[in-house]
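To start, the structure itself, in structure tokens.
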Amino acid sequence: MRIHELTAAADCLEKERFGSQCRRLMQEYQRKERREEALHVFGGLCEQASARGKRAAWLGISSLCTSVQNGVFEYFLAVYGEEFYLDPEPAAGFWIPSVFQECMEEDIRSVMKELRCRFPRIRQYEEAEIYRVCAAYYDAAFGRLCRDLTDELAETERFSRMEKTERFGIFFGRYQGEGEILWQITAG
């Protein structure tokens, strides 16, 4: 089937390109300004939760399928109470991490250019699948960045002021889907 051939070809092309883009992202986020920018975003979310008097159980970082389909590399950040996804009013916001959008757009342009030569008349639904394939690489890189930032975030004043449950954790994953725990307060 054509869609399987397209996505396999897109995955192959993205795999080739992503190594250099990943090095670029690593260099960017080793810079103090970029790390401070990221910590500022998370700190603002913690401050929002504190201002609402929320007792935080989870800080969630979620990728959004809709943002990828719209060509935007945006994440949903939320502080949830013990009700988790059923929390009626999580402290929440959106974030487009610097440089990630630019790198992903470059990759998609390059991948699409190559695929258009091999597959005539790529349809919109096929293009959406190609975006999804490329976005998976960036989700993995962003998840790794978030994991690297957790200890730094835990040491910030804004984070420490936020009231947390005894098993507070930070997770990364798809919005209301699969995810992984990046950091958690452990008892004892």
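The values are calculated or read from the model by the stated rules, or taken from the named source; none is laboratory data. Keep in mind that this is a model prediction, so the values were computed, not measured. Remember, those area values only see protein heavy atoms, side chains included, never the ligands or the DNA or RNA. Shrake-Rupley method; radii C 1.70, N 1.55, O 1.52, S 1.80 Å.
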With the full set of protein chains in place, find how many percent of the accessible area of the chain is carbon and sulfur; take the probe as 1.4 Å.
50 percent
Tell me, what is the per residue accessible area of the chain in Å², probe radius 1.4 Å?
55 Å²
Relative contact order %, the chain, counting alpha carbon pairs below 8 Å whose residues are six or more apart
30 percent
Kirkwood Rh, the chain, all Cα pairs: how many Å?
17.7 Å
May I ask you to rank 164, 113, 15 by accessible area, largest first, using a 1.4 Å probe over the protein chains only?
113, 15, 164
Taking Cα atoms, how many degrees apart are the long axis of helix 32-51 and the longest axis of the chain, rounded to 10 and kept between 0 and 90?
50 degrees
Exposure rank, largest accessible area first [20, 67; 1.4 Å]
20, 67
Note to self: C-alpha centroids of the range 80-109 and the range 129-188 sit apart, in Å, by 11 Å
Considering only protein heavy atoms, with the full assembly of protein chains and a 1.4 angstrom probe, order 183, 95 by accessible area, largest first.
183, 95
